[in-house]
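K.L.:
Quick one: this structure, given as structure tokens, is what I'll be asking you about.
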Amino acid sequence: MIDIKTQYAGLTLRNPLIVGSSGLTNNAERNKEFEKAGAGAIVLKSLFEEQIEMQSDILMQDSDYPEAADYIRGYVKANQINDYLELIQKTKELCTIPVIASINCYKSDAWIEFARQIELAGADALELNVFFLETDLTYNSENMRDLYVSIIRKVKETVSIPVMIKMSKMVGNIPAVAHTLTVNGADGIVLFNRFYQPDIDINNMQIVSGNVFSNHSDLSDTLRWTAIVSGKIPGISIASSTGVHDWEDVIKCLLAGADAIQMCSAVYTHGAEIISQVLTCIEEWMHQAHYQSLDQFKGKLNYANISNPAMYERSQFMKYFSNRD
């Protein structure tokens, strides 16, 4: 009998398919539908520190009492947090699969108490999405690594549930940062987060939103770094994310060394049924390839297990296209 259970960041999942953090997972009843469709776990929609601060600033603009700033910030944050804790509790009441909370933060001390409340509300794990876009010409890139470390250390001192870091592919030396995070307590790494994509409307001369969803071409970076990080850091637990749209993408991520795979854009596009379709195809592929469990092929093609690991390090096209007119 084929077994597709997997261990990810200290969690036991019935299968490696996780519904990624998005507006889709901001509703407890909908999360139950994802469980019925076969999802192995759910990452709840992120609570954004930046968004809370922005809402506070908007309210303060309408206030004639500047001295009320602290009260307004506290009020907005408390309401957002209470709503989020209620989402965790309702989802846990309806679902039996692991429920992973998510925070998008960029200050090392902003969410320590909130992390504790998340655990008390019943979340099985916590995913931290830390990255922010730095444009200051004098900014030292090592500060980003130090920020990651500071946050993971403080949160791990506060909670006992697994804590994952959702990384950006713009942090510099990705394997080095991933290694530093695991040494400092991260139970898992998610490769990668996806940013807001800007575009330019040339007719109205303004900045507009670009494509919201990922596409298949985004998978290449996910595969490259999943394979390199899993091959260079034995024992690290990785969830591949961004560019995963069908069952073949999931298999590729597993071969590259992922323990779990997050899907989001595909679920938006095709609905919850894509989950059961993907799982059926994975089991059929495993049957045809004579695999009984994921461990029999997971990481088989990562950086450490292929004869020429330089295949994952090549970054130039010239060698492959120099003979083409």
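The values are calculated or read from the model by the stated rules, or taken from the named source; none is laboratory data. What you see is a predicted model, and the numbers here were worked out from it, not measured in a lab. FYI the Cβ positions are ideal-geometry reconstructions off the backbone, even for glycines, and counts take in every protein chain you see. The area values use the complete protein model at the heavy-atom level, side chains included, leaving out ligands, DNA and RNA. Shrake-Rupley method; radii C 1.70, N 1.55, O 1.52, S 1.80 Å.
K.L.:
Failed condition for F297, given (1) open to solvent by 10 Å² or more (accessible area, probe 1.4 Å); (2) farther than 21 Å from V19 by Cα; (3) free of Cβ contacts under 8 Å to residues at least 60 places away in the same chain, with all others met?
P.N.:
(1)
K.L.:
I'd like the full set of residues that are among the hydroxyl-bearing types (S, T, Y) and more than 15 Å from the chain's Cα centre (by Cα), limited to the range 171-223.
P.N.:
Those that are among the hydroxyl-bearing types (S, T, Y) and more than 15 Å from the chain's Cα centre (by Cα): T180, T182, S209, S217, S220.
K.L.:
Cβ-Cβ under 8 Å, sequence separation 6+ or interchain: first residue in the range 216-232 and surrounded by fewer than 23 Cβ atoms within 10 Å (Cβ to Cβ), partner basic (K, R) and in a helix (DSSP H, G or I). Which pairs?
P.N.:
If the second residue must be basic (K, R) and in a helix (DSSP H, G or I), the pairs left are L219/K252.
K.L.:
Can V163 be described as surrounded by 19 or more Cβ atoms within 10 Å (Cβ to Cβ), of a type in the set (A, V, I, L, M), closer than 24 Å to Q7 by Cβ and touching a Lys or Arg at 6+ places or on another chain (Cβ under 8 Å)?
P.N.:
yes
K.L.:
Quick one: what pairs do we get from the range 187-204, first residue without any contact (Cβ under 8 Å) to a residue 24 or more places away in the chain, second assigned to a loop (DSSP other than H, G, I, E, B) and open to solvent by less than 40 Å² (accessible area, probe 1.4 Å), C-beta under 7 Å, 6+ apart or different chains?
P.N.:
As it stands, the answer is Q197/G210; P198/G210; D199/G210, since those pairs meet every condition given.
K.L.:
Right, here's the next one. Within the range 93-109, does at least one residue satisfy the condition of being part of a loop (DSSP other than H, G, I, E, B), small (G, A, S), closer than 19 Å to P162 by Cα and modelled with pLDDT under 65?
P.N.:
Yes, because at least one residue in the range 93-109 is part of a loop (DSSP other than H, G, I, E, B), small (G, A, S), closer than 19 Å to P162 by Cα and modelled with pLDDT under 65.
K.L.:
Further, regarding this structure: Assess whether G172 counts as being in a loop (DSSP other than H, G, I, E, B), of a type outside the set (S, T, N, Q) and surrounded by fewer than 21 Cβ atoms within 10 Å (Cβ to Cβ).
P.N.:
yes
K.L.:
Let me ask something additional. Being among the small types (G, A, S) and in contact with a strand residue (DSSP E or B) (Cβ under 9 Å, 6 or more places away or on another chain) is the filter here, so list the residues in the range 224-266 that pass it.
P.N.:
Residues satisfying the conditions are S230, S237, A239, S240, S241, A256, G257, A258, A260.
K.L.:
Could you list, in sequence order, the residues of the range 275-293 that are touching a residue at least 60 places away in the same chain (Cβ under 8 Å) and either farther than 17 Å from C253 by Cβ or surrounded by 15 or more Cβ atoms within 10 Å (Cβ to Cβ) (or both)?
P.N.:
Across the range 275-293, the qualifying residues are I275, S276, V278, L279, I282, E283, M286, H287, Y291, Q292.
K.L.:
Looking only at residues that are in a loop (DSSP other than H, G, I, E, B) and modelled with pLDDT of 95 or more in the range 22-44, which one is farthest from L255 (Cα to Cα)?
P.N.:
N27
K.L.:
If only one of V208, V267 is at pLDDT 95 or above and either surrounded by fewer than 22 Cβ atoms within 10 Å (Cβ to Cβ) or assigned to a helix (DSSP H, G or I) (or both), which one is it?
P.N.:
Of the residues listed, the single one that is at pLDDT 95 or above and either surrounded by fewer than 22 Cβ atoms within 10 Å (Cβ to Cβ) or assigned to a helix (DSSP H, G or I) (or both) is V267.
K.L.:
Here's another thing I want to ask about it. Determine which single condition Y196 fails, assuming it passes every other condition in (1) open to solvent by less than 70 Å² (accessible area, probe 1.4 Å); (2) closer than 23 Å to V244 by Cβ; (3) assigned to a loop (DSSP other than H, G, I, E, B).
P.N.:
Just one mismatch for Y196, condition (1).
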